[in-house]
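Right, one structure below, let's go through it.
A short reminder: the numbers here are calculations on the coordinates, not readings from a lab. Small disclaimer: the values here were computed from a predicted structure and weren't measured. Cβ: placed from backbone, ideal geometry, glycine included. Neighbour counts: every protein chain shown.
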Amino acid sequence: MYCPPLWYPQDQNYTAFYSPNNPPIYPERPAAGANWSPPPLPCLPAPQGAWFPNNPPPPPRPSYVPWNPFPVHNYKAAPVPFTEEQVRQIFMRFDLNHDNVLSREEIRQAFQYLGAMFPGQKARQAMKVADANGDGAVDLSEIDDLVKYAYNLGYVVR
C-alpha cells in the first residue's frame, strides 16, 4: 500500500513564483488557533512499475551482448589436427643445413614448433623409433617412421 504524504501547497511560500496580478488559487486557511485538520487521504495501492524508496527500480539492462562462455559456431572452438603431409613438411622445414638428414636438434626444434610439452624428450623418443641404422640422424629412408610417430601424437593446428 502506498499512502501519499500529507502536503498542501498553501504550506509553502510561492510568492517568488507568482506576480501580484496573478496570485495562486488555494483554499482558505483556517484562522490561527482554530482546531482544523485536513481530511485523511485514502491509502492507494502502488501503481504498477512505480518507484518508491521501499521498491527501488530494477538495475538497467546492459546495452551490450555478454560474452558467451560456450561458443557454438566459433571457428576456433574445434582444433584441427595436422595431416601426415603437413607433419612431413614441418620436419623438412627444420632441416636447417638442407642435407635431407635430420639431426636430434633439428627434430627437437620441429617438435617445439608443433607444440610439444617436452620437445627434447620427444626428439629422443623419435630418434629411438625412427633411427633404424643407429647413426644418430634420420635420413629420407627413415623419415616415414618419424612422421608416423609424430602424427600419432596428435598435434593440432594452433
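Label the stretch 83-157 by shape, choosing from rounded, prolate and oblate, from the square roots a ≥ b ≥ c of the eigenvalues of the Cα gyration tensor; if a/c is under 1.5 it is rounded, and otherwise prolate applies when a/b is larger than b/c, oblate when it is not. Rounded is the answer for the stretch 83-157, as its axis ratio a/c remains below 1.5. Less than 5 angstrom separates the built amide H of residue 102 from those of 138, 139, all sequence-distant by 5 or more or on a different chain.
Take the Cβ atoms of residue 128 and residue 99, set R0 to 25 Å, and the FRET efficiency comes out at 0.70. Estimated at 0.36 nm per residue, the fully extended path between residue 92 and residue 139 surpasses their Cα-Cα distance by 15.9 nm.
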